[in-house]
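Read the structure below first, then the notes.
Just so you know, all these numbers are worked out from the coordinates, no wet-lab data involved. The structure presented is a predicted model; accordingly, all values stated were derived computationally and were not measured. Here the Cβ is made from the backbone with ideal geometry for all residues, glycine too, and neighbour counts use every protein chain on show.
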Amino acid sequence: MNDIREMRLFIAIAMVLLCASCRNYDANSGIMDTSSPIANRTVSVSEWLQAIDNLPPEELANLTFKDGDCRFLVVLGYAATCPGMNPDNKGDIELNSKHGRRIVEGTSDFAGGEERLLMRKIYPYARKYNIRMKELLLNQTPPHKVECQ
């Protein structure tokens, strides 16, 4: 009986690892999908955790920017916070107003379970993401300008 449980656990772990490593692989073309896993769609808590664990924040910002989603990440807690953006800086305020914000789903001042894990990881991740997004927006050149949606 124990051997069957161990085998099932092994298979479950192997499937999770296999799925996580292949999430951006397109079997039809045989190439990696280079689109952002968060651009222009609602993202669940588990998808945020997967993105945090598998993609550096700067890389995620690059992909999301390339896909035309130029919004800054907002973390909810006691108050809504846009990490890496200075609320007293006129340039940051203008960028935030022009390109918008997206709330990281699952963040809150009262979090349990998976949301609590997300809250521990998201603030420093969102800070680096937002700083990179700001760099990308400020360094665009007109011939190669990305159309933000």
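Convex hull over the alpha-carbon atoms of the range 34-142: what's its volume per residue in Å³? If you can, show how the numbers build up before the last one.
On the way: hull volume 10.2 nm³, N = 109.
Looking at the range 34-142, the number lands at 93 Å³ per residue.
Return the loop-located chymotrypsin sites (Phe, Trp or Tyr not before Pro) in the range 51-124 (DSSP other than H, G, I, E, B) with at most 12 other Cβ atoms within 10 Å of their own Cβ; answer none if there are none. Let's see the in-between values first.
Values: sites: F65, F72, Y78, F110; in loops: Y78, F110.
Taking the range 51-124 and a limit of 12 other Cβ atoms within 10 Å, the loop chymotrypsin sites (Phe, Trp or Tyr not before Pro) found are Y78, F110.
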>> Taking amide H atoms as placed 1.01 Å from N in the peptide plane, list the residues 5 or more away in sequence, or in a different chain, whose amide H sits under 5 Å from that of R101.
In response: F72
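What's the FRET efficiency of K66 with N89 using the Cβ-Cβ distance as r and R₀ = 25 Å, to the nearest 0.05? Write out the running numbers ahead of the final one.
Working: r = 26 Å, r/R0 = 1.02.
That pair, K66 with N89, gives E of 0.45.
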